[in-house]
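Inspection log for the structure reproduced underneath, given as structure tokens.
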Amino acid sequence: MADFKKGDFVSVLDDDIKGHVTRVTGDQVLIETSDGFDMEFASKDLIKEQPLGHSIFEHTDLEAVLEEKEQHKKRTSNRTKPKERNLPAMEVDLHIHQITTSNRRMTNHEMLSLQLDTARHKLEFAIKNRIQKVVFIHGVGEGVLKMELDYLFGRYDDLKFYAADYQKYGLGATEVYIFQNTKGS
């Protein structure tokens, strides 16, 4: 059994009541609760505690803590440097003569499949290597490759695609912007 004396900070074992001892009479202890009420308990129902102002910070030098907090610490940030923000996009030329050395024996379907496989491979490479912009140069032609690329890009959630810079590419290119900070990536 703990010996309580006037001024001790105590809490009640089976209840959420805390306060200071105001009087001890035999086995009975009168406490003034933190709400300002006087309550009497048997000493076996109380436990001595450290008041809030003391505990683990009792021997800590407040001036030293404040001085440490006021020191300017070197900030580390992952800000994008201005030159990185405007890096040119990765370009992927999907013209068949850029992808293969000879297409003489290839059917139109085989050429289209090779172009789409190349586009998918380059897009996956860009996503894996956190490249934000990729320009796919597909040419104007009949629009079959562009339509298939639109379908391919539409199957990805973390990107948007649109016509590339007209002054640089004309109508024959699509730019893909890959969102880098998405959940699940």
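Every read-out reported here was derived from the displayed coordinates using simple, explicitly stated rules and does not represent laboratory data. Note that the structure is a prediction, hence the values are computed from the model and not measured. Counting neighbours? That spans all protein chains shown, and the Cβs are built from the backbone with ideal geometry, glycine included.
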What is the gain in length, in nm to one decimal, between Q50 and S34 on full extension, counting 0.36 nm per residue of separation less the C-alpha to C-alpha distance? 4.4 nm
A correct fewest-to-most ranking of E40, E63, E91 by other Cβ atoms within 10 Å would be E63, E40, E91
I need D45, D35 ordered by Cβ neighbour count within 10 Å, fewest first. D35, D45
If each residue of separation counts as 0.36 nm, what is the full-extension length gain between R104 and Y156 once their alpha-carbon separation is subtracted? 15.4 nm
Taking Y151, Y169 and counting other C-beta atoms within 10 Å, the order from fewest to most: Y151, Y169
Which FRET efficiency, nearest 0.05, do N181 and S113 yield, Cβ-Cβ r, R0 25 Å? 0.15
If the chain between R120 and Q167 were fully extended at 0.36 nm per residue, the gain over the current Cα-Cα distance would be 14.4 nm
